[in-house]
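Notes to accompany the following structure.
Derivation of every value follows stated rules applied to the coordinates shown; laboratory data play no part. All values reported here derive from a predicted model rather than from experimental measurement.
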Amino acid sequence: MVVSFGVLAQSEKKSVRQGNREFKKGEFIDSEISYRLAIETNPESFKANFNLGDALYKQEKWEEASTQFEEIANASVSEADKASVYHNLGNSHFKMQQFDKSVEAYKQALRLNPNDMETKYNLAQAQRMLQQQQNNDDQQDKQKDDNQNGENDQPQNNQDKDKNKDEQQDNDQQEQQQQQQNQEQISQEDAQRMLQALQSREKDIQEKLKEEQVRQAKVKVEKNW
């Protein structure tokens, strides 16, 4: 049994080392495979599980990476190692624009390792992006409310007939009023369509700006072994 355990341990370490070499060369798919082989040998291997999360992150599989880091967040390891897990978890949420979760992950990392400057930097970035995200959401909600109020407040053109004029004058006046109402209705509909088109365009621009901000606001490197 001792020999068998030793063989398994050597196999696990060999796969992790192989994965690390592939990771350093930028061969992230191959490194993922190697780390998974190590995990098959020893599902409790913290190094293999941690580095698998990194390999997934490098492939931009951020949701899978976040799940991987969450699964090992309660592992029986040092506080420094746990802080690295939360740091990388924060990075994964940041990339998915889940800035609220990113902030919480970075805060947890700093509770475990208060002097980590990279995590402090990333926390500041995530907080800034979260504030911008909330401001954009508030602005969109306000525009939606304004649109609804505008539709409810459309003026009603109720015209009174002049009963003292003859029938022909009444008919002419009614016809003119009807034409005016139609023109106003068309103008209001055109204005509404233009407003909706502008708001749609503004939303597209905001989304592009947000994506550009996320791209430029790069979080600092993920922790690795």
Legend entry - Sequence-separation-based contact order of the range 10-119, relative, with Cα cut under 8 Å and 6+ spacing, percent: 17
Legend entry - Alpha-carbon Rg with Dmax, taken over the range 1-59, Å: 11.3, 38
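Beyond 23 Å between alpha-carbons counts as too far, so tell me which of K25/K47; K14/K47; K95/K120; K82/K120; K24/K107; K24/K47 fall in that bin.
Values: K25/K47 18 Å; K14/K47 12 Å; K95/K120 17 Å; K82/K120 16 Å; K24/K107 29 Å; K24/K47 15 Å.
Over 23 Å apart, Cα to Cα: K24/K107.
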Legend entry - Contour minus Cα-Cα distance for Q139 and Q178 (0.36 nm per residue): 10.2 nm
